[in-house]
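Beneath this line is the structure, given in structure tokens, with notes to follow.
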Amino acid sequence: MKRDPQVHEAPAWLQAVLAGQRGAIARVLSQVERGDRDTASLSATLAPHLGRAHVLGITGAPGAGKSTLVHALLGELLARGKTLAVIAVDPSSPISGGAVLGDRVRMGEHGAHPDVFIRSVASRGHLGGLSQATAAMIDVLDAAGFDMVIVETVGAGQSEVEIMRVADTRLVACPPGLGDDVQALKAGILEIADLLVVTKSDLPGAEPAARHLKDMLHLRAAAEGWKVPVLRVSSTAGTGIAELADGIEAHIAVAGRGRRLQHQAHPTAHRAHEAPADRVRRLAALDPFVRSLGISCVEAGPGMAAVEITLGAQHLNFNGTCHGGVTFALADTAFGLASNSHGKVAAGIDAHITYQVAANEGDTLLARATEVSRSKKLAVYRVDVTRRDGAMVSSFTGTVYVTQRATP
């Protein structure tokens, strides 16, 4: 058999990864996680070798049974002859900063199988339910030749939808007992689901949970060629796992492999479906003026945004207190982000601000913008600027004109 000259001439570490050598895979993953490798350069090197693995993202609220579900799925997929890699994103240890290895313990039965590779990764405080290194680590495992890479997020809430960018198939685990809380979730992770799974379905409340999820799907635009199923599973009892594996394979047949790579190649192509929280954070990161002032986005969602700033000497006026322009800029940033969370460019046409108390160097100010009203063309927002002690520093109201153009 002829060897691919591109592989033959590749660096030794790449040849080892492409050959599926577990030690080499583990070393490169460690280098990526520690930041010892430039991820952009790594991804460019691996790019010609990507596209074999299907990436299954599993997300959901803390305690939804994601790890137990992954364990059960591993057994089913192994029985179907698949080679599998798992990235389990765990909370960071407050002592070492490393991963709390709860997920690997649950999956330990399959960890020694020659066709399974399990890696726990610390989130290290990164928002979105993943770690900063997750996408590059997926590329490494894809290049190594696994049939499927399963990514389990740390417990995620409605705004934690980063899994959307790295997974080909997105599974959202929902335990019984959500009840009306499903409505609170529908603007976030439920909207990105390709498969909705009621976990722990042997417990009371599984049927109402499934019914709520099916009702929610009527409010969501259907994906072309795919109807999101609501499946009930009990990982401990082993019921529904085969049906779930069938559902995953059915979605692969419709969506194809390499969906995540299409998103990476055309990063703007899917912004129409971008979650509001993701959009707000992305827009905040694109604003050089916001960055120059030291303003950071700390909360985001549909029609809302919260930003904060810790005052330094550069933010003070001649009286030694916070410059009014800084307070206005903070409030205006929250206003602009919240009003553009819906995906249409919203241009400010009117703003009014009042000042209540002064702020001083070292104070942290929080500006929270909320949507008061919205029509097809106009929307009104209120922004409260407070200190950490709860004192109201400023009140801001603003009106925007909503265009038909999509946000950048």
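The values are calculated or read from the model by the stated rules, or taken from the named source; none is laboratory data. Just so you know, these numbers come straight off a predicted model, no measurement behind them. Backbone-built Cβ (ideal geometry, glycine too); neighbour counts: all protein chains shown.
Odds and ends about this structure:
- When we screen Ser375, Ser341 for residues that are crowded, with 16+ Cβ neighbours inside 10 Å and modelled with pLDDT under 95, the only hit is Ser341.
- Selection within segment 306-323 - touching a residue at least 40 places away in the same chain (Cβ under 8 Å) and either closer than 20 Å to Glu361 by Cα or among the β-branched types (Val, Ile, Thr) (or both): Val307, Glu308, Ile309, Thr310, Leu311, Gly312, Ala313, His315, Leu316, Gly320, Cys322
- Inter-residue pairs, beta-carbon under 6 Å, first closer than 17 Å to Thr68 by Cα and in segment 109-120, second among the small types (Gly, Ala, Ser), 6+ apart: Phe117/Ala85; Ile118/Gly111; Ser120/Ala88; Ser120/Ala99
- Residues being at pLDDT below 95 and charged (D, E, K, R) - total across segment 378-400: 2
- Entry remark, segment 24-40: residues being of a type in the set (Gly, Ala, Ser) and surrounded by 15 or more Cβ atoms within 10 Å (Cβ to Cβ) number 1 in total.
- Members of segment 281-319 that are at pLDDT 90 or above, in contact with a helix residue (DSSP H, G or I) (Cβ under 8 Å, 6 or more places away or on another chain) and either closer than 23 Å to Arg260 by Cα or of a type in the set (A, V, I, L, M, F, W, C) (or both): Leu293, Ile295, Cys297, Ala300, Met304, Ala305, Ala306, Val307, Ile309, Leu311
- Single residue of segment 194-249 satisfying the filter (among the aliphatic types (A, V, I, L, M), at pLDDT below 85 and in a loop (DSSP other than H, G, I, E, B)) that is farthest from Asp147 (Cα to Cα): Leu219
- Count of segment 295-311 residues which are within 17 Å of the chain's Cα centre (by Cα) and either farther than 26 Å from Arg374 by Cα or of a type in the set (Val, Ile, Thr) (or both): 1
- Only listed residue being in contact (Cβ under 8 Å) with a residue 60 or more places away in the chain and either assigned by TED's automatic domain parsing to the domain that holds Ser296 or acidic (Asp, Glu) (or both), chosen from Val393, Val385, Val326, Val372: Val393
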